[in-house]
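The values are calculated or read from the model by the stated rules, or taken from the named source; none is laboratory data. Everything quoted here is computed from the prediction, not taken from an experiment. Quick reminder, even Gly has a Cβ in these numbers, built from the backbone with ideal geometry, and neighbours come from all protein chains shown.
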Amino acid sequence: MATTTKSSSGSLRTYLITRLLLVIPMVWVLITLVFFVMRVIGDPIESAFGGRLSAEEIASRRHSAGLDRPILSQYWDYLVGVLHGDFGHTLTDNQPVSTVLITKGAATLELTFWALIVALAVGIPLGRVAARYRDRPPDVGLRLFAVLTYATPVFFLGLLLKLLFSIKLGWLPASGRASTNVELAIQNVSPKTNIFLIDAILYGDPSYVIDVLKHAVLPAITLGLLTAGVFLRLVRVNLLQTMRSDYVEAARARGVPERRVMRKHAFRNAMIPVVTVMGLQIAVLLGGAVLTEKTFEWQGLGYAVADYIVRRDYLAVQGIVTAVAIIVAIISFLIDVISAIIDPRVRY
Amino acid sequence: MTTALPESAQTEAVIERRLTRIPGLAALRATAGFQRGMLLAGALLVLFFVVVAVFAGLIAPYGFNQASANGVDFPTLAPPSAQHWFGTTVSGTDVFSRVVYGARTALEVIVLAVALSIVVGVPLGLISGYRGGWLDRALVLITDALFAFPTLLLAIVISIAIASGQSSATGGIVSTAVAITVVYVPQYFRVVRNATVAAREEPYAEAARALGAPPRVVMVRYVFANVVQTVPIIATLNAGDAILTLAGLGFLGFGIEPSSAAEWGYDVNKSLSDAAAGIWWTGLFPGLAIVLLVLGVTLVGESLNDVLNPVLRTTKFRKVELPIVVPISGGGP
């Protein structure tokens, strides 16, 4: 018994190390790719200020940003900077990209978190229903619903929800993360997390918490439904597969009622792939967050990227995109670690 | 082996074999019930949009950028009426005409992007999988990194790099298509590469090599045909995703200039500011067009996937004629 435990924990460690070693070249490839692709277009200072500043001023700014040095030495400095958490400076509002990441990133984190809750809360129960009524009308309807959630662009769903619930019915706010007075009030909370829900709770006024929650409802549903269909289909397929497996059959043979078989025996194992796919869905959610944030004027990273693009501040775009790439790589690593811990089969 | 079949069955078998050569029909014949309905509905939707795109000039009453007719300016933000079926935008253009021309833009970009992805991804996967070595490892690493990246952000980065300074209609369409291509090449590459690695050691490839065929011939004549079978499915499934990426780029104001072509995503973005005033027609129709086209393409892709994956296929019951077994006399215990 003791030897089995030892060897299995050893294989877990080997798996984790291998998986971690794979993250490093992947992140490096992405940083390199983004760096060089963003330089193909030419000089970032020229794109941001061309026509608005004199030639000397552009030259001096280029010098102070180190952009007049050979590209390879710039690349090396950027790489070293990123390793130290320094993603460069924005050009148009001259602040460290890392500051933008912390303030705006909190907003994106908040949105993505709510969206994931919506996706799981909608996808998993509906997936169970679809599996129970396999090939009967509820299943057919839910499968169409899954395709439809996939086919609807997030910004269009956001527009429809806005038109219905904020403009026609007036139930929920149409945009922003909080009402102006709330946003001003929670500015001075300490410690300030920039996650409005936490800030509002720290401020201590329940009506502010409700205001923040109300603002999150429509964006969360919009972004959450984007991946809810994926979870629905995944849970359905996995439940159907698990329901056919031998150990479930054994439970049935012992006379366990069908509902209990599904709930107690099949469901848990069917959930393992959901955890794995969650890692992939984080990338989808972050991509969708850009569009959702633009739709609802949610001041997060996606909104900031769209804004910097309009201002042609490509150093800011480069920094944010690089950071997002690293975040995605780390999250997918963590998700793989979690699925390796809960499912021993992954390690082999 | 088939000598026992009666003559009529033989001709039937021949007809059946001929019919299955038409790809769409074969897929349709293999389905039943709900799956057949999905495939048909999807195909009809796609066909509808292809017709709209091809005959956009005949269907649309006005140009996509036209804000007046016969010297009279169109009303701005007018609700749907007999003259403007889908209403007009804030700049006075006809929403119906913009939606119709948007189908043309979408199909041009998608066809170009899918064709480019196949042309780049399939040979790359074939060579990488067949040759192996450092080239294979490097390509796998790069495509894996690209694959893990949020598609929209990747498309944004690429289109910033190639679209800077371009604003003509063709330039916008080509550069957007290239951006989408970069996003989807990794998927073709992966599938073809993995299939090639498996096919490389198959007896028929081995036999070809033993006969002295050079690597190029083995790849092109033997391995290729066996690894491209899944490509049409990926292409259809990707096409739906690509339409969403195109719309997302347009929504963020990328690629195609609004005056040079109509783009649905861009129009939905512009309608956001109308929404506050309760104006729904400027966003609803282009948005619905995206949903319906993606729905059509996805339904076709999903059904093809189901059909070619026998585990998921729901076949209709067929009458099976069992061969007449002549019992061997005295057989059995």
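Numbers below:
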read-out: Test: residue in region A:243-257 that is in contact with a Ser or Thr (Cβ under 9 Å, 6 or more places away or on another chain), within 14 Å of chain B (Cβ to nearest Cβ) and either assigned to a loop (DSSP other than H, G, I, E, B) or of a type in the set (V, I, T) (or both); value: no
read-out: Conditions (1) within 10 Å of another protein chain (Cβ to nearest Cβ); (2) at pLDDT 85 or above; (3) surrounded by fewer than 17 Cβ atoms within 10 Å (Cβ to Cβ): number failed by A:P125; value: (1)
read-out: Hits in region B:202-212 (condition: surrounded by fewer than 13 Cβ atoms within 10 Å (Cβ to Cβ) and either in a loop (DSSP other than H, G, I, E, B) or of a type in the set (K, R) (or both)); value: B:L211, B:G212
read-out: Of residues in region B:162-201 being in contact with a helix residue (DSSP H, G or I) (Cβ under 8 Å, 6 or more places away or on another chain) and not in a helix (DSSP H, G or I), the one modelled with the lowest pLDDT; value: B:Q166
read-out: For A:K192: the one exception among (1) in a loop (DSSP other than H, G, I, E, B); (2) within 21 Å of the chain's Cα centre (by Cα); value: (2)
read-out: Whichever residue in region A:149-159 is among the aliphatic types (A, V, I, L, M) and at the interface with chain B (Cβ under 7 Å from one of its Cβ atoms) and, among such residues, is surrounded by the most Cβ atoms within 10 Å (Cβ to Cβ); value: A:L159
read-out: Test: residue in region A:162-174 that is outside any helix (DSSP H, G or I), without any contact (Cβ under 8 Å) to a residue 40 or more places away in the chain and within 14 Å of chain B (Cβ to nearest Cβ); value: yes
read-out: Qualifying position, being of a type in the set (A, V, I, L, M, F, W, C), within 14 Å of chain A (Cβ to nearest Cβ) and more than 30 Å from B:N65 (Cα to Cα), among B:V223, B:V231, B:V185, B:V217; value: B:V185
read-out: Out of B:L272, B:L211, sole residue that is without any contact (Cβ under 8 Å) to a residue 12 or more places away in the chain and within 14 Å of chain A (Cβ to nearest Cβ); value: B:L272
read-out: Helices (runs of 4 or more DSSP H) contained entirely in region A:12-106, each with at least 1 residues that are buried (at least 17 other Cβ atoms within 10 Å of the Cβ), within 14 Å of chain B (Cβ to nearest Cβ) and out of contact with any His (no Cβ under 8 Å at 6 or more places or on another chain); value: A:44-49
read-out: Candidate set from region B:285-297 (those that are within 13 Å of A:V154 (Cα to Cα) and surrounded by fewer than 24 Cβ atoms within 10 Å (Cβ to Cβ)); member that is nearest to the other protein chains (Cβ to nearest Cβ); value: B:V291
read-out: Selection status of B:A26, touching a helix residue (DSSP H, G or I) at 6+ places or on another chain (Cβ under 8 Å), at pLDDT below 70, among the small types (G, A, S) and more than 30 Å from B:F96 (Cα to Cα); value: yes
read-out: Tabulated pairs, region B:88-107, first touching a residue at least 12 places away in the same chain (Cβ under 8 Å) and on the phi > 0 side of the Ramachandran plot, second polar (S, T, N, Q) and part of a loop (DSSP other than H, G, I, E, B), C-beta under 7 angstrom, 6+ apart or interchain; value: B:G92/B:T76
read-out: Subset of region B:141-161 (residues that are in contact (Cβ under 8 Å) with a residue 60 or more places away in the chain, among the aliphatic types (A, V, I, L, M) and under 12 Å from B:Y184 (Cβ atoms)); value: B:A155
read-out: Within region A:267-348, helices (runs of 4 or more DSSP H) holding 1 or more residues that are farther than 25 Å from A:S175 by Cβ and within 12 Å of another protein chain (Cβ to nearest Cβ); value: A:272-296, A:314-342
read-out: Residue satisfying all of: in region A:128-141; surrounded by 15 or more Cβ atoms within 10 Å (Cβ to Cβ) and within 12 Å of chain B (Cβ to nearest Cβ); farthest from A:L240 (Cα to Cα) among these; value: A:V140
read-out: Filter result for the condition that a residue is under 25 Å from B:I158 (Cα atoms) and either surrounded by fewer than 24 Cβ atoms within 10 Å (Cβ to Cβ) or aliphatic (A, V, I, L, M) (or both), over B:T245, B:T230, B:T236; value: B:T236
read-out: Members of region A:151-165 that are closer than 9 Å to A:L218 by Cα and not aromatic (F, W, Y); value: A:G158, A:L161, A:K162
